[in-house]
Amino acid sequence: MTAELTIVGKPMPRVDARDKVTGKAVFGVDVQLPGMLAMKVLGSAYAHAEIVSIDTSRARKLPGVVAVITGDDLPHNVELNFGSRGHSFLAKHKAFFYGQPVAAVAAVDIHTAEEALKYIDVKYRPLPILLDPLEAMKPDAPLIQHMGEGASEMSMHNADVAEDDEDHTEELDKEDIGDSDIREAAELASEAQAEAAPRNVASHIVFKQGDVAKGFAESDVVIENTYRLAQVHQGYLELQNATANWDAVNQQLTLWVSTQAQFYERQHAAEVLGLPIHKVKVITPEVGGGFGAKFGLVAPLVGLMSMKAGRPVQHIYTRHEELQASNPAPASVITIKTGCKKDGTLTAIEAKVVVDTGAYSGSPMSIICIMLAAPYKFPNIFIDGYEVLTNKQSVAAYRAPGGPNSSFAIEQQIDIMANEVGMSALEFRLLNGSEEGYTRPDGTPQPKIGLRAVLNALARHPIWKEPLGPNQGRGLAIGGWGGGRGPASAIVKLEGDGTFEVVVGTVDLTGTNTSFAQIAAEVLGLPISKIHVTRLDTETAPFGPAAGGSQVTYSMGVAVIEAAKDARSQVLKVAAKEFDTTEDDIVLDEVGLRSQSKPDKKLSWPQFQETTSGWTAKYAPVLGRGSVERRKGAPGYAACVADVEVDPLTGYVKILRVVAAQDVGKAINRMSVEGQLQGGTVQGIGLALWEEIMYGADGRVRNASLLDYRKATPRDLPLIDAVIVEQASDDGPFGAKIVGEPSIIPPAGALANAVAAATGKRIFELPLTAERIARAMGRVQEYDAMTTTAPTLTPDPSPIRGEGRGRNGRNGHGRTNGKVKTTNGRASRKATARKAR
Amino acid sequence: MHKFAYYAPQTVKEAARILSKNGPNSKLLAGGTDLLVQIKEHVKGPAPDYVVSVKNIRELHDVKFSARAGLTIGAGATISETLATKGVQEHFPAIADGTAIIGSLQIQNIATIGGNLCNAAPSADSAPPLIAYGATALIAGPRATRTVALEDFFTGPGKTVLKPGELLVSIHVPTPPARSGCQYVRHTPRAQMDIAMVGVASFITLDRKGRVADARIVLGAVAPTPIRARQAEDSLRGQEPTADALRAAGDIAAREESPIGDVRGSAGYRRYMTSVLVQRTAQAALKQAMR
């Protein structure tokens, strides 16, 4: 765009850094309103039950309690869709997961509200619990049936569980994975279902290209394995929270929400609360992380409570509630068969993807299916995807939703095949990596993706020359992400003090406001000190897309460019008139404007502002407007190389060094882009090595605290070397692509491949715990049957976890005799093995 | 949050009197890093009605060391205070092994070793090394004091020999004899801020010929309380401490425990890790002993 950039592309400390470090920044949990009540939620005591009755009379009588609400208080003017989590913010008739809100209390303080929960008497009729998606799909499995209000007994029996297609296509659209093939999938699905209709399937998609049977027949190597990922939590520091204030006179609801998307939040709250959209206003304070999880989970219930209580109400989740009853990222079981020729050319991929969506639809199942094959040139593709209901908290997005699920599976497959044909991990990926023009499984052609540029940049990295010692191994993995590309608008206006204000409606999660300041300064031709970025609320801000899909800088950046250009041209027009010269004779700088040809013609910025907005001003105020249609899409591709050392006895994985490379198109702010690459990698490492939400047979989370749900700590991590690759996009600001998400995708595959290189053993299930690795090395099994010789104080409580015994050592390499070797025990898997978790 | 009455006595006697007057529904508060979480989150049974702070009891905060008298750690001394006491790192490296890994630095600045012991988690990291060094516990009641070996202090998860009205005053650790060494290692998924899946302390004293004169092997998190692996110890006494002998001792120890399987790991893996860690800690203890 501009030949020489002076501000864009430079590392720039965040404009909000000082306020955040000094504690001045106001987050959602800091919001305090006069007369504000504290809210607590009573969660379902069962993972699956009919709610027979709820008696709140005793709780209401507790001094300090102002309001108690249940499903009966849901608005009557709204047709609630009980198959949607967004509509089910209070359970009615049935509860579908442990901890699902069945009642809520607002009281003068948090302790009173908590105390009041004890006095709410709920009678349940427990229903069978489904926790394993494979079990849930069996023909004799009980059904998880959502129902609308007043559903008759008959319609209950005939209810189709796949009633939430709406949310599903929304998800597709949100992440923009292309819109072809969904209808075709439905047709194929009905064929497949004719054979054996799996139960509890919320959605089903088939992606098909070419002829996989033919592809495998032409293969010299065919590998099949099953990969499992656990449900994991996004782990944002700031707990989910919202504050609501109902203005009964004006019938207007104001919400302060820790959200990624204030305009979505407004629309959703209005829809489920039965209010006109213009009667809902969302204010977004600073947000302490969202990573995909902060989209409408909390605000409706708090809004309803404020409407009932007639006072401001605040609700802040506990970490326990976060882990038991929020919206984490999905567990999945992916069985995948891939083939290649002796020369390494890929031939076919066939996969069955089962995504455990929890109690409501909304998982990124179709994205997982697409991203299994999209990074590679597979000529023949058959991917069969199932989104399956279970009695767990339902899932939502988590930074490149589903990306790690796909990558962990396909990247190990690729590694195994590369080994089999004697190619290096890098060579094999360079040979087969996708590029512009190749179609993805959903039929959309790849735009200008930078996968090869990333691999080529990595090839030059010194990490490959680092020697590896005994028990050490190196792993490579890649991953790509489509990302968002919504329409966007911004305003740039000249303020009285001669600074330019950039007004946006997007939430700044990652430093996007700093990037906007850089972009505006660059376009206006002014130093960054002359720019202020302000995010306004839904009533006052121009529309901005959700801070999801890594799109904020990519989509909004262009609106900021347009608005700044507009403002600049207005400034030049006024100045040219005032100085009686041409526009190209005008120079802008920190002090003000001047004419190059007439040295006496100059104005300071405040003087200039007087001419457009002062009492006697004659020119129009400078109000730059940028409003742009959605972008074409600029997927981000990333790669990760990890070196590990595995303790040969304990299985403990120590990470020695990590390189994270990503094509970002153009790094607007190198400092925050490096931070994004490192942050995503840290989260990718966390879900690879430690993170797993574990459920007991009753559906309760057994590790619902940060003691036993482990995120990475600084001492677990090496310095992560971020390698920024810049292959400009066609329509992003200054060539920028999406940035935030892709770096979380490859670490799990890279670490699994590194562990395999270090130990000679493949681990097919996340997290890669020391125990799993020690078991894969065959060291633990003889100790399982050991009995105690010494007298003990109390008898050994019955072991809860049969960990590993039924679950490990099942997977293995395929052999390369040109025929399929399935090393999985898909048929022999026992339900108890999964339940034992 | 559950409401409770709060006391801050000045002397051990006064504390014992308050405790015995209020009965079993009272709890002693030191650093509070376990107790406050238990009160707020209702874990480990009902929250107490009476909370008695030891903050104002001076004598509980002393940490003293002399080569002749050994180390005395007041029950109210913080982990950081203990670690900073002269002689601790040099003469009792395994105490440092076991306490410098408890929580974070901020936790160590407020949490006490006495609290870690009285909370009586089977995984308490301070217990195995202290037992391995042969520590004793001084206990005060309303009328008298008594001393018990620390290895006899624990009676079950969250349970100790302390009777209603009694409190832990101090821990005494004798200075190890010459040619001794001791190491504590725990296995955790993470490198810090974690809880032991298995913790092992091995104390070894060699005789002049380089045979094992004495061995104390203490296992944490693999039984209802920290336990001595006596059969494993016996297998080493009088023996050359060869790699084979240590491996055998590790496997014997693995049979002496009664681990549970839980979210942190299976029982089988705990036994296996015990075997590995007994070998590793005994090896390290030998190295120290031969210095």
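Can you work out which of the residues in the stretch A:709-732 that are under 24 Å from A:Gly289 (Cβ atoms) and more than 14 Å from chain B (Cβ to nearest Cβ) is surrounded by the fewest Cβ atoms within 10 Å (Cβ to Cβ)?
A:Leu719
Among the residues of the stretch A:19-52, which ones are part of a helix (DSSP H, G or I) and among the acidic types (Asp, Glu)?
Passing the criteria: A:Asp19, A:Asp30.
Check A:Lys377, A:Lys352 and return the single one that is at pLDDT 95 or above, in contact with an Asp or Glu (Cβ under 6 Å, 6 or more places away or on another chain) and surrounded by fewer than 21 Cβ atoms within 10 Å (Cβ to Cβ).
A:Lys352
Please indicate, with yes or no, whether at least one residue in the stretch A:808-819 is among the β-branched types (Val, Ile, Thr) and at pLDDT 50 or above.
Checked the stretch A:808-819: no residue is among the β-branched types (Val, Ile, Thr) and at pLDDT 50 or above.
Tell me, which strands (runs of 3 or more DSSP E) lie completely within the stretch B:156-254 with 3 or more residues that are touching a residue at least 12 places away in the same chain (Cβ under 8 Å) and within 14 Å of chain A (Cβ to nearest Cβ)?
Ranges flagged: B:180-187, B:198-206, B:212-220.
Filter the helices (runs of 4 or more DSSP H) completely within the stretch B:60-140 down to those with at least 1 residues that are at pLDDT 95 or above and under 26 Å from B:Ala223 (Cβ atoms).
Where helices (runs of 4 or more DSSP H) fall fully within the stretch B:60-140 and carry at least 1 residues being at pLDDT 95 or above and under 26 Å from B:Ala223 (Cβ atoms), they are B:79-84, B:93-99, B:105-108, B:113-118, B:127-132.
Scanning for something part of a helix (DSSP H, G or I), over 25 Å from A:Glu692 (Cβ atoms), free of Cβ contacts under 8 Å to residues at least 40 places away in the same chain and facing chain A (nearest Cβ under 9 Å), does the stretch B:257-274 turn up at least one residue?
Within the stretch B:257-274, none of the residues are part of a helix (DSSP H, G or I), over 25 Å from A:Glu692 (Cβ atoms), free of Cβ contacts under 8 Å to residues at least 40 places away in the same chain and facing chain A (nearest Cβ under 9 Å).
Identify all residues within the stretch A:111-146 that are within 14 Å of chain B (Cβ to nearest Cβ) and part of a helix (DSSP H, G or I); write none if there are none.
A:His111, A:Thr112, A:Ala113, A:Glu114, A:Glu115, A:Ala116, A:Leu117 - these are the residues of the stretch A:111-146 that are within 14 Å of chain B (Cβ to nearest Cβ) and part of a helix (DSSP H, G or I).
Tell me which of these B:Lys40 doesn't satisfy, since it passes every other one: (1) within 26 Å of A:Ala38 (Cα to Cα); (2) part of a helix (DSSP H, G or I); (3) more than 14 Å from every other protein chain (Cβ to nearest Cβ).
Unmet condition: (3).
Part of a loop (DSSP other than H, G, I, E, B) and either surrounded by 17 or more Cβ atoms within 10 Å (Cβ to Cβ) or modelled with pLDDT under 95 (or both), is that true of A:Asp415?
When the stated conditions are applied, A:Asp415 does not pass them.
Test A:Leu706 against the criterion of being surrounded by fewer than 17 Cβ atoms within 10 Å (Cβ to Cβ), at pLDDT below 95 and within 12 Å of chain B (Cβ to nearest Cβ), and give yes or no.
yes
I need a count of the residues in the stretch A:689-703 that are over 14 Å from A:Gln231 (Cβ atoms) and away from every other protein chain (no Cβ under 12 Å).
Total meeting the criteria: 2.
Would you tally the residues in the stretch A:619-645 being crowded, with 22+ Cβ neighbours inside 10 Å and either within 14 Å of chain B (Cβ to nearest Cβ) or under 30 Å from the mean Cα position of the chain (by Cα) (or both)?
Residues meeting the conditions: 14.
Looking only at the stretch B:275-291, count every residue that is within 15 Å of B:Val198 (Cβ to Cβ) and more than 7 Å from every other protein chain (Cβ to nearest Cβ) and tell me the total.
Number satisfying all stated conditions: 7.
Before we move on, is A:Ala660 touching a residue at least 12 places away in the same chain (Cβ under 8 Å) and touching a Cys at 6+ places or on another chain (Cβ under 9 Å)?
yes
For A:Val780, which of the numbered conditions (1) facing chain B (nearest Cβ under 8 Å); (2) surrounded by fewer than 24 Cβ atoms within 10 Å (Cβ to Cβ) fails to hold?
For A:Val780, the exception is condition (2).
Just name the residue that is farthest from the other protein chains (Cβ to nearest Cβ) out of those in the stretch A:647-658 that are β-branched (Val, Ile, Thr) and crowded, with 24+ Cβ neighbours inside 10 Å.
A:Val658
Here is a list of conditions, (1) in contact with a strand residue (DSSP E or B) (Cβ under 8 Å, 6 or more places away or on another chain); (2) of a type outside the set (A, V, I, L, M, F, W, C); (3) assigned to a loop (DSSP other than H, G, I, E, B), and A:Gln570 meets all of them except one; can you say which number that is?
If we test A:Gln570 against (1) in contact with a strand residue (DSSP E or B) (Cβ under 8 Å, 6 or more places away or on another chain); (2) of a type outside the set (A, V, I, L, M, F, W, C); (3) assigned to a loop (DSSP other than H, G, I, E, B), just (3) comes out false.
Pick from A:Gly735, A:Gly665, A:Gly675: which is away from chain B (no Cβ under 14 Å), at pLDDT 95 or above, at positive phi and surrounded by fewer than 23 Cβ atoms within 10 Å (Cβ to Cβ)?
A:Gly735
Test each condition in (1) under 33 Å from the mean Cα position of the chain (by Cα); (2) modelled with pLDDT under 95; (3) within 11 Å of chain B (Cβ to nearest Cβ) for A:Ala785 and report the one that comes out false.
(1)
Looking only at the stretch B:13-32, which residues are surrounded by fewer than 20 Cβ atoms within 10 Å (Cβ to Cβ) and assigned to a loop (DSSP other than H, G, I, E, B)?
Of everything in the stretch B:13-32, just one residue is surrounded by fewer than 20 Cβ atoms within 10 Å (Cβ to Cβ) and assigned to a loop (DSSP other than H, G, I, E, B), namely B:Gly32.
With the checklist (1) modelled with pLDDT under 95; (2) in contact with a strand residue (DSSP E or B) (Cβ under 7 Å, 6 or more places away or on another chain) in hand, flag the one item A:Gly83 doesn't pass.
The failed condition is (2).
The values are calculated or read from the model by the stated rules, or taken from the named source; none is laboratory data. Bear in mind that the values here come from a model prediction, so they are computed numbers and not experimental data. Using ideal geometry, Cβ is built from the backbone for each residue, glycine included, and neighbour counts are taken over all protein chains shown.
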